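Derivation of every value follows stated rules applied to the coordinates shown; laboratory data play no part. As the structure is a computational prediction, the values presented were derived from the model and not from experiment. Cβ: placed from backbone, ideal geometry, glycine included. Neighbour counts: every protein chain shown.
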Amino acid sequence: MDKWSILIVEDEYNQRILLSEILSKEGYTVFEAEDGKKAREIFKEESVDLILLDFKLPDIDGLSLINFFKGTNPETEIIIITAFGSIENAVNALKAGAYDYLTKPVDIDDLLIKIKKIEEKKSLIRENLVLKETLKERFKSEDFVYKSEKMQNVASLIVRVAATDSTCLITGESGTGKEIVANMIQGLSLRKDGPFVKVNCSAIPEQLLESELFGYEKGAFTGAFQRKIGKFELAHKGTIFLDEIGDMPLYLQSKLLRVLQSKEIERLGGLSPVSIDIRIIAATNKNLEEEVKKGNFREDLYYRVNVVRIEIPPLRERKEDIMPLVDFFIKKFVIRHRKEIKGITKEARDALLKYDYPGNVRELENIIERAVVLSRGDFLTVEDFFNDISTLAPKKESGIKEVITSVEREMILEALIKNNWVQTKAAASLGMSERMLRYKMNKYGIKK
């Protein structure tokens, strides 16, 4: 990426020249302005990525200039330079849109670090825009829904990894979306027009996995009546995705290592090797470092597959992504199941945000689909998540009293739902008076 252009707005000549010389030596294009008037002229005429702005200038105050710069180009970043003891000015500048501030005398190392952070932030935003635009062309971009910074980092890695032919390891708990990430890497890669072969190493019985991967010749074993091409050969000129590679038996790990080293395979019963041109993407929900220590995974293979790692954080660590996913899944299942649901209530949203989702995105998807199918109203409510109501809360140790309270609340909810919220019928089915039912509903905060 080309080095940035930086505008230094500083009325002190020596300070301005010092900063200009240092930043020029770092490779930046530097413009200088001794007052606000000159700064505005340069900003209108030149493309400026970053402004170093002295808060106190002879002809205008810093806040007015910030508003001018941000109003003209909101993408321009600003670092305020303020005198020691004028922190209040810096705080006001940050509220107005400045990225950060420095106090005089300027610490050059600190300045360069802040500039580097801004460059990295902008680069990440740019990579995500590239990713989203590319996804619109090649995928349904909704398949990869996120808002959190953690998933922005994942998206950035996807863009960079896809452009290479490197072996890639995707890690994360079950249900986090490892296969979706693998699909995206393949779809954005130079091999996108080649085959994409998926193998779940944990779903195929151990005694069959070798023949599935490597294929076999006629007569290689009892029942081998004709030659069968294995998954590695089927992926020639494309990509093979080895899901749950941590479950691959040790004897097959050694054969996979040879494939990575030599780019050749041997069919079972074959007499000569077969050259293959493939890219390998692997995924696992296991901690392979721990598996290596336990002797369950070869250390040399680990280093071969772990060239580039993409770690997908669990949903509980990126709760900002929950509601965008909820909204997406509601739209998806409303169309699939021909329902007329308009949205979700605040109470239901709050309940979904409190839950930790041990099954991650896959569990959230199942919860939303079940609620959409069972809902009878225009909006999903807490009651629509009845089957999950005992889990849609932070887990904690419960005493007998808490258990009884929870069970009673669920029984009342179930009775109300079954009787269409007719309290007389619900009370009769529960064997209590309608007055007692209303008391319990108020006690447990149960509302239609």
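Structure above, values below:
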read-out	value
Size of charge dipole - the stretch 145-311 - debye, nearest 20, with Cβ of Lys, Arg +1 and Asp, Glu -1, no other charges	360 debye
Three-way shape label, the stretch 5-121, alpha-carbon gyration tensor, a/c 1.5	rounded
Dipole of the chain, positive end: most advanced residue of Gly27, Ala426, Ser375 [Cβ charges, Cα centre]	Ala426
Exposure proxy ranking, count of Cβ atoms within 10 Å, fewest first, for Met441, Met436	Met436, Met441
Selection of chymotrypsin sites (Phe, Trp or Tyr not before Pro), the stretch 170-259, meeting DSSP coil and at most 10 other Cβ within 10 Å	Phe221, Phe225
The chain - mean residue ellipticity at 222 nm from DSSP helices (-39,500 (n - 2.57) per run, n ≥ 4, rounded to 500)	-15000 deg cm²/dmol
The stretch 291-308 - phi-based ³J(HN,Hα) in whole Hz, Karplus 6.51/-1.76/1.60, Gly and Pro as x	5, 5, 4, 7, x, 8, 9, 5, 5, 5, 5, 4, 5, 6, 8, 8, 5, 10
Sequence of Lys117, Lys150 once ranked by neighbouring C-beta atoms within 10 Å, starting from the fewest	Lys117, Lys150
Positive dipole terminus of the chain, leading residue within Thr72, Ile446, Gln186 (C-beta point charges)	Ile446
Listed residue (Gly223, Ile281, Leu353) projecting farthest to the positive dipole end of the chain, Cβ model	Gly223
Long-range amide H partners of Val30 with built H, under 5 Å	Ile6
Spatially proximal lysines relative to Lys117 (Cα-Cα < 27 Å; intrachain offsets below 8 disregarded)	Lys3, Lys25, Lys44, Lys56, Lys70, Lys95, Lys104, Lys132, Lys147, Lys150, Lys319
Over 28 Å (Cα to Cα) - which of Lys122/Lys346; Lys192/Lys228; Lys331/Lys354; Lys122/Lys293 fall in this group	Lys122/Lys346; Lys122/Lys293
Identified option (computed Cα Rg over 2.2 N^0.38 Å; candidates (1) 1.35; (2) 1.26; (3) 0.95)	(1)
Taking Cys201, Cys168 and counting other C-beta atoms within 10 Å, the order from fewest to most	Cys201, Cys168
Table column - 3J(HN,Hα) (Hz), the stretch 184-189, Karplus curve with 6.51, -1.76, 1.60, x for Gly and Pro	5, 4, 4, x, 9, 8
Highest-MSF residue in the chain out of Ala282, Ala427, Ala162 [GNM, Cα springs under 10 Å]	Ala427
For the stretch 316-394: rounded, prolate or oblate by the Cα gyration tensor [a/c cutoff 1.5]	prolate
Relative contact order for the chain, counting Cα pairs under 8 Å that sit 6 or more residues apart, in percent	11 percent
Long-range amide H partners of Arg309 with built H, under 5 Å	Leu169
Under-5 Å amide H pairs with Gly270, H placed in peptide plane, nonlocal only	Glu217
GNM top mover of Ser254, Ser211, Ser429 - the chain, alpha-carbon springs below 10 Å	Ser429
Residue-wise HN-Hα coupling along the stretch 346-361, computed from phi with Karplus coefficients 6.51, -1.76, 1.60 (Hz; x: Gly, Pro)	4, 4, 5, 4, 4, 5, 5, 6, 7, 7, 8, 6, x, x, 6, 5
